[in-house]
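Coordinate-derived values only; no laboratory data. What you are looking at is a predicted structure, and each value in this text was computed from that prediction instead of being measured. Cβ sites come from the backbone with ideal geometry, for glycine too, and all protein chains shown count toward neighbours.
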Amino acid sequence: MLADKDHMDVADFFGIATGNTMKDKFERTGYTAVKSAFVNAPVIEEFPVVMECELEQVIENETFYAIVGKIINTSAEESVLDENGKIEPTKVNALVFDQFQLGYYTIGEKVGQAWDAGKEWMKK
């Protein structure tokens, strides 16, 4: 799931409350978890964008830890889609976590086009 500005408090709560010790965390929020039809994980119905992933790889060394997933399914509410049916990042208001200031920020304006912004470097 992509946490968004409108659901920041619940997303943060889900991140700090473990289901191992707090069995009623969904009841506390009133949010709904349903079993995914695509992966062995729950989907939170209230979040506007859900990306369901399977674990591909865990990369770990003395300075780095990463989990790599393969996206199996993506679903989104119509309110976050553009005129072509694609997810529009500025409509999602997706959260980005800043580990330096321990803050949440939203995605803002588009500043460039992927696979185009660096083309001039290909000519050198």
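Annotations for the structure displayed:
- The set of residues from region 91-124 being at negative phi and touching an Asp or Glu at 6+ places or on another chain (Cβ under 7 Å) comprises Val92, Ala94, Leu95, Tyr105.
- Single condition Leu95 does not satisfy, out of (1) touching a residue at least 24 places away in the same chain (Cβ under 8 Å); (2) over 23 Å from Gly112 (Cβ atoms); (3) not β-branched (Val, Ile, Thr): (2)
- Selection count, region 53-68, where residues are surrounded by 12 or more Cβ atoms within 10 Å (Cβ to Cβ) and either more than 16 Å from the chain's Cα centre (by Cα) or in contact (Cβ under 8 Å) with a residue 40 or more places away in the chain (or both): 0
- Pairs, first under 14 Å from Thr106 (Cα atoms) and free of Cβ contacts under 8 Å to residues at least 12 places away in the same chain in region 1-13, second surrounded by fewer than 19 Cβ atoms within 10 Å (Cβ to Cβ) and of a type outside the set (A, V, I, L, M, F, W, C), C-beta under 9 Å, six or more apart: Asp9/Thr29
- Selection count where residues are in a helix (DSSP H, G or I) and surrounded by 10 or more Cβ atoms within 10 Å (Cβ to Cβ), scope region 69-124: 5
- Residue in region 79-99 that is within 30 Å of Ala41 (Cα to Cα), in contact with a Gly (Cβ under 9 Å, 6 or more places away or on another chain) and of a type in the set (S, T, N, Q) present: yes
- Selection over region 11-28 of residues that are under 19 Å from the mean Cα position of the chain (by Cα) and assigned to a helix (DSSP H, G or I) gives a count of 7.
- Verdict on Asp9 being surrounded by fewer than 16 Cβ atoms within 10 Å (Cβ to Cβ) and among the acidic types (Asp, Glu): yes
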